[in-house]
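Novice: First the structure, then my questions, so here it is.
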Amino acid sequence: MHQFLSKKEEEVKKMLEKEEKDMVERMKRNRTEIEEKLNDEREKEGILHSVLETDQPDGFLQWWTDKGLEFLEEMKDNESCSENNENASQTIQFKSKVKDLNVTPNSLFLGLHETHLQFVVWKEMLGSIKPVPDRNVIYDCHDPYLRVSSDGRSVIRTSKKGIFLHHKLYRPLARTHKTFQSGQHYWEVDVGTKVDWSVGFDGGCISNLNKDIGLHLKHDQGYYIKEYETVKEIDLTVKPRRIGLYLDCDRCQVCFYNADDMTLLHTTTYTSSIPYTLSLSPGAYLAEKNADPLTVCWN
């Protein structure tokens, strides 16, 4: 653990030093460009002052005929370009009023390491340490359409076709032994290549309202998020093979991640402080096409 953290510290230091060096270099180049632009503008200002203050009308008219009109048109074009560049600035690089001059931000952005550092470090630490998984994570509710593995970490849909053989697409639900009402909790569920499954959190039923929040994949509908009674389709460009589920009970927040690269898939908040359990459904059996298990990888 010490070696891993020391190595990670060195990597972060090198990354910050490189970012700082690049930023300083950009600032130096910008400073040089600013000084050149200012000197050029001062020179033009001096020319205009000397021409306007002349007491020789013939000399002024001669200058205007030879150079003056072209001189002012050039200044007008530069001002117009600066205004267009200023209006077009939409990203981190902000255009100044001086043509082709960028202002470099004075703060560093670390991307995913800044917004989801905890999850990134956890993922990388798995390469250095081998956590012993908890056993009996999933509660065996003795549903005939579910089978929980002996270590309590996997659940599969049995070959039965549904309650009383009527509901062929019946999707039974398994839950964890524990309920969670405080603190922060994280799980990863291996969904592999399954074409039908559900993962999320179940708060039970209060006043006939299902308090469940889940990410679902149905073989005939695609991915969607269900928050209580609200259903919303989501478009995922990459099909995740492992789902990360983050439950922050103190902030009443739920997040779903593609655990392969820690891409945030969806986040939501809930107002109730009721206890939640992790809920898993291996989905419909689909004539053995969806017989693979759902497995809690670590938590």
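The values are calculated or read from the model by the stated rules, or taken from the named source; none is laboratory data. The model shown is predicted, which means the values in this text are computed figures rather than measured ones. Positions of Cβ are backbone-derived with ideal geometry, glycine not excepted, and every protein chain shown enters the neighbour counts. Just so you know, the surface numbers come from the protein's heavy atoms only, side chains and all, with ligands and any DNA or RNA stripped out. Shrake-Rupley method; radii C 1.70, N 1.55, O 1.52, S 1.80 Å.
Novice: Identify, please: which residue in the stretch 251-280 is of a type in the set (V, I, T) and part of a strand (DSSP E or B) and is, among those, nearest to the chain's Cα centre (by Cα)? Even if it seems obvious, please write down each step before you answer.
Specialist: Within the stretch 251-280, the first condition is being of a type in the set (V, I, T), and the residues that meet it are 254, 263, 267-269, 271, 274, 277.
If we keep only those that are part of a strand (DSSP E or B) too, we end up with 254, 263, 267-269, 277.
Values: V254: 14, T263: 5, T267: 10, T268: 14, T269: 17, T277: 25 Å.
Ranking the candidates gives T263 first.
Novice: While we're here: Considering every residue within the stretch 281-292, establish whether at least one is touching a residue at least 60 places away in the same chain (Cβ under 8 Å), of a type in the set (D, E), in a loop (DSSP other than H, G, I, E, B) and crowded, with 16+ Cβ neighbours inside 10 Å. Walk me through it before giving the result.
Specialist: Step one: of the stretch 281-292, the residues touching a residue at least 60 places away in the same chain (Cβ under 8 Å) are 281-286, 288-292.
Now restrict to residues that are of a type in the set (D, E): 288, 292.
Next, from what is left, pick out any that are in a loop (DSSP other than H, G, I, E, B): 288, 292.
From what is left, the residues that are crowded, with 16+ Cβ neighbours inside 10 Å are 292.
Yes, there is a match, as at least one residue in the stretch 281-292 is touching a residue at least 60 places away in the same chain (Cβ under 8 Å), of a type in the set (D, E), in a loop (DSSP other than H, G, I, E, B) and crowded, with 16+ Cβ neighbours inside 10 Å.
Novice: Looking at the stretch 229-250, which of its residues are open to solvent by 10 Å² or more (accessible area, probe 1.4 Å) and part of a strand (DSSP E or B)?
Specialist: T230, V231, K232, E233, R242, Y246
Novice: Filtering the stretch 19-61 down to residues that are outside any helix (DSSP H, G or I) and not hydroxyl-bearing (S, T, Y), which residue is nearest to F71 (Cα to Cα)?
Specialist: Among them, the one singled out is E53.
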